[in-house]
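To keep things clear, I will list the structure first and then write my remarks on it.
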Amino acid sequence: MNMKARIAALGMAVAMLIPAAGCGKDKYDVYNYDLSEYVTVGNYKGIAVEDIELGISADDVDKHILLARSNYAEYTRKNGAAALTDQLNIDFTGYMDGKEFEGGSAKDTDLTLGSGQFIDGFESGLVGAKAGETVTLNLKFPDPYPPSPDLAGKPVQFKVKVNYINEQILPEYNDEFVKTKYGYENTKAFEEALRLSIEEQNKETILFNRINQVWAEVLKNSEVKKYPEAEFNGRYQSYVEYYTSLAKQEGISLNEYAANAGMAVKEFEDWMKSEAEAQMKEEMVLYYIARTEKLSISKDEYQTGAMEYARNYGLTSVSDLEAYFSPEEITQNLLFDKVLEYLAEQAVPAAK
């Protein structure tokens with residue numbers, strides 16, 4: 001994912017979550033009226049941010065080489081203890097302060113030990129585990145932690161069940177391997193390409209971290225005076241339809257779905273309303289800044305950006321994307337991306 005696509009993911013998260021699941025081709029209202037009646041936007045220029053510094057080590061390159069070899073590995077079921085380069089199938093649950101936290105759990109997940117996919121200590125803590133065992137890992141999120149800044153530096157406990165272990169039979173790493181499998185003349189050229197790729201990923205991570213900081217500050221500096229009634233009712237109804245659809249897929253009612261989530265019906269309704277309000281606040285602030293700074297999306301920007309969105313969704317053309325999202329929705333998200341990028345450019349390094 002390139003830098004622009006990483007920014008795009010933020011805009012998609014703001015505006016396309018509910019439509020993507022429930023009413024994908026419905027047009028979003030673009031608040032084509034004076035937003036100052038509804039929202040006060042505070043300072044958004046010159047916000048101080050703490051940029052992270054990321055380098056490239058030999059270990060980083062080695063991890064990518066391991067992943068490249070793993071793509072062409074053969075597997076055989078293993079009965080003994082897990083070792084580096086083994087592929088484990090795991091279920092895991094994450095706890096903070098004794099409670100499960102959102103996004104910290106998954107089932108039936110394949111993990112190659114030593115690949116660096118998880119935070120430090122997770123993979124090494126599974127070395128020596130056997131199939132059927134449950135391992136408890138007491139770890140700490142790195143600081144900073146760009147994928148989720150709210151978790152940075154916080155202690156976390158993972159309970160990991162090892163479902164089964166596959167021993168990898170890795171292909172030999174040599175010039176012939178990188179030439180036939182990846183199209184590079186030799187390992188030197190391949191490793192140089194890896195370094196460039198890691199460098200680009202680091203730039204994206206730094207930008208992603210900067211955007212998260214700036215956007216959080218902009219939202220804190222802004223206040224909603226009131227929510228446009230018609231738009232709020234429509235947004236709330238989208239949430240109701242979305243979760244009703246999820247409940248229907250499970251063969252249960254929305255009330256039962258709420259109960260399974262550990263909430264009373266009224267509590268679940270209030271939660272959906274708060275989510276709708278939060279989403280609308282973000283949209284109104286983004287539109288306000290876009291209009292103030294005269295930011296818009298040209299036809300060329302639409303084609304280029306929509307094509308990047310399409311690739312992120314595993315699609316091959318803009319028309320394929322438009323089968324799921326209307327041009328208005330796509331334009332809106334491209335505009336939001338542009339605003340977020342603008343805000344990051346206006347930020348300044350925090351004093352040390």
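Projected over every direction and averaged, the convex hull enclosing the alpha-carbon atoms of the chain yields 21.2 nm². Here, segment 143-196 has an Rg and a Dmax of 18.8, 45 Å when only alpha carbons are counted.
Ordering 216, 160, 190 by the projection of their Cα atoms onto the charge dipole of the chain, which places +1 on the Cβ of Lys and Arg and -1 on the Cβ of Asp and Glu, puts 160 at the extreme positive end.
P(r) tail for segment 224-265: Cα pairs beyond 13 Å make up 59% of the total.
If you build a Gaussian network model of the chain, linking Cα atoms that sit under 10 Å apart, which residue out of 94, 183, 125 swings the most? Per the Cα network of the chain with a 10 Å cutoff, 183 tops the list. The H on the amide N of residue 49, modeled in the peptide plane, is under 5 Å from the matching H of 348, 350, each at least 5 residues off or on a different chain. Among 191, 277, 74, determine the one that fluctuates most according to a GNM of the chain built with springs between C-alpha atoms less than 10 Å apart. Among 191, 277, 74, the largest mean-square fluctuation in the Gaussian network model of the chain belongs to 74.
Remark: segment 180-223 is approximated by an ellipsoid whose semi-axes, taken from the C-alpha gyration tensor as √(5λ), come to 39, 8, 4 Å, largest first. Evaluated on segment 178-268, the Kirkwood hydrodynamic radius is 18.6 Å, with distances taken between all distinct Cα atoms. Once the gyration tensor of the Cα atoms in segment 98-179 is diagonalised, the equivalent ellipsoid follows with semi-axes of 27, 19, 11 Å, ordered largest first. As a test question: what accessible area, to the nearest 10 Å², does residue 75 have when a 1.4 Å probe is rolled over all protein chains in place? Per-residue accessible area (residue 75): approximately 90 Å². In a Debye calculation with equal point scatterers on the alpha-carbon sites of segment 34-161 and no solvent, what is log10 I(q)/I(0) at q = 0.17, 0.18, 0.22 Å⁻¹? Results for segment 34-161 at q = 0.17, 0.18, 0.22 Å⁻¹ read -1.00, -1.09, -1.39. Out of 149, 171, 327, any idea which swings most in a Gaussian network model of the chain, alpha carbons joined below 10 Å? Taking springs between Cα atoms under 10 Å, the residue moving most is 171.
With all pairs of separate Cα atoms included, segment 144-303 yields a Kirkwood hydrodynamic radius of 21.7 Å. Applied to segment 85-99, the Karplus parametrisation 6.51 cos²θ - 1.76 cosθ + 1.60 on θ = phi - 60° returns per-residue 3J(HN,Hα) values of 6, 5, 9, 9, 9, 10, 10, 9, 10, x, 10, 10, 6, x, 10 Hz, with x for Gly and Pro.
Considering only Cα atoms, the convex hull volume of segment 108-239 works out to 210 Å³ per residue.
Heavy atoms of the protein only, probe of 1.4 Å, neighbouring chains included. What is the accessible area of residue 105 in Å², nearest 10? Accessible surface of residue 105 is approximately 50 Å². Legend: distances between Cα atoms for 107/159; 78/161; 181/203; 99/140; pairs beyond 20 Å are 181/203. Shape index of segment 276-352: Rg/Rh, with Rg the Cα radius of gyration and Rh the Kirkwood radius from the inverse mean 1/r over Cα pairs, equals 1.05.
Counting only Cβ charges, +1 for Lys and Arg and -1 for Asp and Glu, the dipole size of the chain around its Cα centre is about 240 debye. Spacing of the modelled spin labels on residue 174 and residue 105, each 7 Å from Cα toward Cβ, amounts to 4.8 nm. Partners of residue 179 within straight-line reach, counting aspartates and glutamates whose Cα lies under 15 Å from its Cα and excluding those fewer than 8 residues away in the same chain: 191, 192.
The values are calculated or read from the model by the stated rules, or taken from the named source; none is laboratory data. None of these values were measured; they are calculated from a predicted model. Ideal geometry is used to build each Cβ from the backbone, glycine not excepted, and the neighbour counts take in all protein chains shown. Accessible surface areas use protein heavy atoms only, side chains included; no ligands, DNA or RNA. Shrake-Rupley method; radii C 1.70, N 1.55, O 1.52, S 1.80 Å.
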